[in-house]
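Enquirer: Take this structure, written in structure tokens, and hold onto it; I'll ask about it next.
The values are calculated or read from the model by the stated rules, or taken from the named source; none is laboratory data. From a predicted model like this one, the values you see are computed outputs, not experimental measurements. Neighbour counts run over all protein chains shown; Cβ positions are idealised from the backbone, glycine included. SASA here: full protein model, heavy atoms, side chains in, ligands and nucleic acids out. Shrake-Rupley method; radii C 1.70, N 1.55, O 1.52, S 1.80 Å.
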Amino acid sequence: MQPRFRNWHVQLALLPAWLIVVFAYLGTMVFTVRMSFTSSKGIPIMDDVGLRQYDRLFHTDRWTISVENILIFGLLFILGCLVLGFLLAVFVDRLARFENTLRTIFLYPLAMSFVVTGLVWQWILNPALGLQANVRNWGWTSFTFDWLEQGDRAIYLVAFAGIWQSCGLVMAIMLAGLRGVDQELWKAARIDGIPTWRIYLHIIIPALAPMFITATLLLATAVVRSYDIVVAMTAGGPGISSEVPAKFVIDFLFTRQNIGLATAAATVMLITVLVVLMPWLYLQYFRSAPGARRAA
Amino acid sequence: MASVSVRRLAVSFGHVKVIENLDLEVEEGEFIVLLGPSGCGKSTLLNTIAGLIDIEAGQVWISGKNVTWTEPKDRGIGMVFQSYALYPRMTVQQNLSFGLRMAGVPRAEIEARVAKAAKLLQLEDLLRRRPAELSGGQRQRVAIGRALVRNVDVFLFDEPLSNLDAKLRNELRVEIKKLHRDLGNTMIYVTHDQIEALTLADRIAVMRNGVIQQLATPQDVYHRPKNQFVAGFIGSPTMNFLTGRLILGAAGPTLDLGSVSIDLSAYGFARQSSDVPAVLGVRPEHIDLGAASPGHFAANGKVEIVEPMGADMIVWSRIADTPVRIRVDGDSAFRNGDDIAFHFDLARASLFDAQSGERL
Amino acid sequence: MSALAELGPASGAAEPAGPKPKRLTAGRLGLYAFLIIAALFFLLPFYVMVITSLKPMSEIRYGNLFGWPAAPTIAAWLKAWASACTGVTCNGIEVGFFNSMKILIPSVILSIAIGAVTGYALSFWRPRGANVLFAVLLLGAFMPYQVFLYPLVRVFSMIYLYSTLICIVIVHTIFGLPVMTLLFRNFYAGIPIDLFKAARVDGGAFWSIFLQLIIPMSTPILIVAVILQITGIWNDFLFGLVFAGRENMPMTVQLNNIVNTTTGEREYNVNMAATILTALVPLVVYFISGRWFVRGIAAGAVKG
């Protein structure tokens, strides 16, 4: 078969992917960035106001609070998931029994949506009838836990709910990683007389570094996209105290009718992600000769 | 004094008994190789000595102490693994010193020991590298170094050369042998490679199904295999086996192969039993071409296949319908169908009971 | 020298022998305690959801969150399904359920089909530009959706597809493509290239190799992909909200409207029943698939 003809089939098969990449990803990205330099309100206008939208953006409280929140949320969520997920994996691995049951329990929240997660925790944590009320009913009448209604605390609870939902993911990744650790490493360490916790700290965790990177990346992606959980749990409230960038953009695009500002915010998100992601992607996929096995 | 002593050992995984009632005495300074096919329990035995596997019954003694329940680190052993098991993301220096630091050995002492091991194993230029930056042979040298710095009496090797390519394996094999010569420690070495076993060992323990089949010097294991399993496992190409009936006639013992009868008077019997099915084992290198010498068994045959192997050549022929391999000089010229005469010395052959496989 | 002989087997009886006596160490106890507490923490919300949905409002008002329902009733479930209100309409979450199904089935099929073909072409045929395509796809997997949304809305409006079933299915296919491609590409990277070469030598062409050789070998990864897409698409909120339109509003959006639309007293039992109902499909998929779900996580997470 002639190479040209063969290639024609391959390119046809890749046509949908190319269309999606060119139009839905790159095209929209360019369009969004372009819109961020316009004064568009409810409908797009193709003028050029330079960086005025960005200037406005960073003088908008709603945005600065959003950025602050996403940093708090992101840090707590990622660290919480990594620590708890890793601990769970270690303990499940050490127990060496009931693994299926435990894994099922720790992982089921992941099967549920962020909306469901947000709503459940909203119900449990609501002060009037939830945890606080129940503990008071048990007799500790001065017990107070109303962070969901405190402007400067609500975001912590969102992070908490997020950890509950996602740390099973980290556990599953780490459990696979632990199983992949050379068993002879354990033997060598035992012969060297290294205490178990030090084996984990000095040998296992370094050996699992790729797993930690992968998990962090997946969690970070979830952080940037976090929208559903906030909408469901606090709707950005009380007031605008638990707003996040993803929600900021959606709100200004579809309800607050300020396309210029919204696309400027989206562009800031895009740039941030790119700056963080590019070095990693390069190292991970393109420096270490992709598909080296096909070199022959 | 025995350096390592295993007494009436039993090990099982779940309900599977891997080792039952095993005894092994290793002399001080001795190089013992545990040899056998995979799944024969040799690694299990080694791990038991190391204290990495809990035993079900029996005792383990090392250097005159009962260490049956002792933690691996306190047994006075160093161990080298097949996968090297180097600590990732630590430099060679850190790999060598980590255990000592954990044990609270003084800094100067650590440095001295690491330097000594590095010198002995030519690791001095590699101390700052990480395992990922080392070749397989270098990694294994580091792994040996890690055992070395522990200043212990007994070294355990668990198939240390199996992950290396043939050339490196040969080089490192010699290095291990030199190491044993220079240090004089007791070494217990697990392998499935008979060349390693024959070249390194003072004594070889050939194992199968958790049982030591024969514990003897390489010469003995090769020349006087205790049973048919050992005979077939050691030697490459493998020993020729001729199955027949042992008959103790008036003219002396013979092996009746049906069409041919082999006079066994020259064979040094360990014990005799009459009229039993028996197997005669003859190594290919013990069959010579040409006219028979006295006391040898002679036969004629046709060349069926010729396998040149460089230094020597394997010629396939037949004795009484049983295919026989004959090892001849590499520069011989044979063609399929050539008529050949060959003979072998019965004093160098081995006779086994066909049922029990035991040497007769 | 004879020290050992004296200690011989006979005198060894008093010495350690046989298996090491097992003791329940503090560490082991801590391990159990940690895992039990963790398991309770993870199960608690589900427990609260279920018991709340079985209580009448009169009991809920008492503020006994963790208490077992005194008089369990499924009234809240019936209401959640058929007559809970979102603003002015009171049709329950039933509509959302069927909308989600309508969205789910074509989206799952389409996104997996395109992902599989793309992964196959990238993995085995390596055409020109494959690296660029893969790089952008990979990048797309990590980008904030906010960058893509508005232009897509404009484009769909221009071709009169905005707020239709087709629109939301296409959107799910677009944003499912990176993960699906990655999944299949990684799986195909594990198939020996010699097999593919053999098929080429035997005269196989692009589509015949794919359909007759590769797809039959892809069952495990297809299962993983189906699980991943069912849970992912069912649980989607943002795309449903933006692209599906009022007529096709998926269950998650409907659920949020029911719970967070405050007209009159909030009926927590109905809310929780609706929440469980919404979570039911992915949960059932999860419990049935078990290990496959975990495989999906691993396959999606680990690089190729």
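Enquirer: Looking only at the stretch B:91-107, decide whether some residue is in contact (Cβ under 8 Å) with a residue 40 or more places away in the chain, away from chain A (no Cβ under 14 Å) and not in a loop (DSSP other than H, G, I, E, B).
Expert: yes
Enquirer: Which count do you get for residues in the stretch A:148-163 that are crowded, with 20+ Cβ neighbours inside 10 Å and within 14 Å of chain C (Cβ to nearest Cβ)? Reasoning before the result, please.
Expert: Just the residues of the stretch A:148-163 that are crowded, with 20+ Cβ neighbours inside 10 Å, to begin with: A:148, A:154-155, A:157-159, A:161-163.
Restricting the remaining residues to those that are within 14 Å of chain C (Cβ to nearest Cβ) gives A:148, A:157, A:161-163.
Looking only at that region, the number is 5.
Enquirer: When A:VAL181 is evaluated against the numbered criteria (1) free of Cβ contacts under 8 Å to residues at least 60 places away in the same chain; (2) open to solvent by less than 20 Å² (accessible area, probe 1.4 Å); (3) touching a Gly at 6+ places or on another chain (Cβ under 8 Å), which criterion, by number, is the only one it fails?
Expert: Among (1) free of Cβ contacts under 8 Å to residues at least 60 places away in the same chain; (2) open to solvent by less than 20 Å² (accessible area, probe 1.4 Å); (3) touching a Gly at 6+ places or on another chain (Cβ under 8 Å), A:VAL181 violates only (3).
Matching residues to (1) in contact with a helix residue (DSSP H, G or I) (Cβ under 7 Å, 6 or more places away or on another chain); (2) of a type outside the set (A, V, I, L, M); (3) open to solvent by 10 Å² or more (accessible area, probe 1.4 Å):
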residue: A:PRO210; (1), (2), (3): no, yes, yes
residue: A:ALA215; (1), (2), (3): yes, no, no
residue: A:VAL231; (1), (2), (3): yes, no, yes
residue: A:PRO238; (1), (2), (3): yes, yes, yes
residue: A:ARG256; (1), (2), (3): no, yes, yes
residue: A:ALA262; (1), (2), (3): yes, no, no
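Enquirer: Under the condition of being facing chain C (nearest Cβ under 8 Å) and not hydrophobic (A, V, I, L, M, F, W, C), which residue from the stretch A:88-116 is nearest to the chain's Cα centre (by Cα)?
Expert: My answer is A:SER113.
Enquirer: Please go through the stretch C:141-185 and give me each residue that is open to solvent by 20 Å² or more (accessible area, probe 1.4 Å), assigned to a loop (DSSP other than H, G, I, E, B) and at the interface with another protein chain (Cβ under 9 Å from one of its Cβ atoms), ordered by number.
Expert: Residue satisfying the conditions is C:TYR145 alone.
Enquirer: Can you tell me how many residues in the stretch A:256-273 are within 13 Å of A:VAL244 (Cα to Cα) and away from every other protein chain (no Cβ under 11 Å)?
Expert: Matching residues across the stretch A:256-273 total 0.
Enquirer: Let me ask something else. Condition check: surrounded by fewer than 18 Cβ atoms within 10 Å (Cβ to Cβ) and in a helix (DSSP H, G or I). Does C:ALA198 satisfy that?
Expert: Working: surrounded by fewer than 18 Cβ atoms within 10 Å (Cβ to Cβ): yes; in a helix (DSSP H, G or I): yes.
Spelling it out, C:ALA198 is indeed surrounded by fewer than 18 Cβ atoms within 10 Å (Cβ to Cβ) and in a helix (DSSP H, G or I).
Enquirer: Between A:GLY237, A:GLY193, which is more than 10 Å from every other protein chain (Cβ to nearest Cβ) and not in a helix (DSSP H, G or I)?
Expert: On inspection, the qualifying residue turns out to be A:GLY237.
Enquirer: Restricting to the stretch B:316-343, what's the tally of residues that are out of contact with any Asp or Glu (no Cβ under 8 Å at 6 or more places or on another chain) and assigned to a strand (DSSP E or B)?
Expert: Total satisfying the criteria: 8.
Enquirer: Could you grab the pairs with beta carbons closer than 7 Å, sequence gap of 6+ or different chains, first residue in the stretch B:53-76 and outside the structural domain of B:GLY104 (by TED's automatic domain parsing) and crowded, with 19+ Cβ neighbours inside 10 Å, second one part of a strand (DSSP E or B) and of a type in the set (Gly, Ala, Ser)?
Expert: Here the result reads none, with nothing in the stretch B:53-76 linked to a residue that is part of a strand (DSSP E or B) and of a type in the set (Gly, Ala, Ser).
Yes/no matrix, rows are residues, columns are (1) out of contact with any helix residue (DSSP H, G or I) (no Cβ under 9 Å at 6 or more places or on another chain); (2) more than 24 Å from A:ARG225 (Cβ to Cβ); (3) more than 8 Å from chain A (Cβ to nearest Cβ):
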site	(1), (2), (3)
C:LEU65	no, yes, no
C:ALA76	no, yes, yes
C:ILE112	no, no, yes
C:ARG126	no, yes, no
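Enquirer: Separate question: Name the residues in the stretch A:41-64 that are within 24 Å of A:GLY237 (Cα to Cα) and among the polar types (S, T, N, Q), would you?
Expert: Correct list: A:THR60, A:THR64.
Enquirer: Here is a list: A:LEU84, A:LEU110, A:LEU95, A:LEU88. Which entry is under 22 Å from C:GLY27 (Cα atoms), open to solvent by 20 Å² or more (accessible area, probe 1.4 Å) and either touching a His at 6+ places or on another chain (Cβ under 7 Å) or among the hydrophobic types (A, V, I, L, M, F, W, C) (or both)?
Expert: Working: A:LEU110 fails: under 22 Å from C:GLY27 (Cα atoms); A:LEU95 fails: open to solvent by 20 Å² or more (accessible area, probe 1.4 Å); A:LEU88 fails: open to solvent by 20 Å² or more (accessible area, probe 1.4 Å).
Being under 22 Å from C:GLY27 (Cα atoms), open to solvent by 20 Å² or more (accessible area, probe 1.4 Å) and either touching a His at 6+ places or on another chain (Cβ under 7 Å) or among the hydrophobic types (A, V, I, L, M, F, W, C) (or both) holds for just one of A:LEU84, A:LEU110, A:LEU95, A:LEU88, which is A:LEU84.
Enquirer: Continuing with the same structure: Which condition from (1) over 30 Å from C:VAL281 (Cβ atoms); (2) assigned to a loop (DSSP other than H, G, I, E, B) is the one that A:GLN132 breaks?
Expert: (2)
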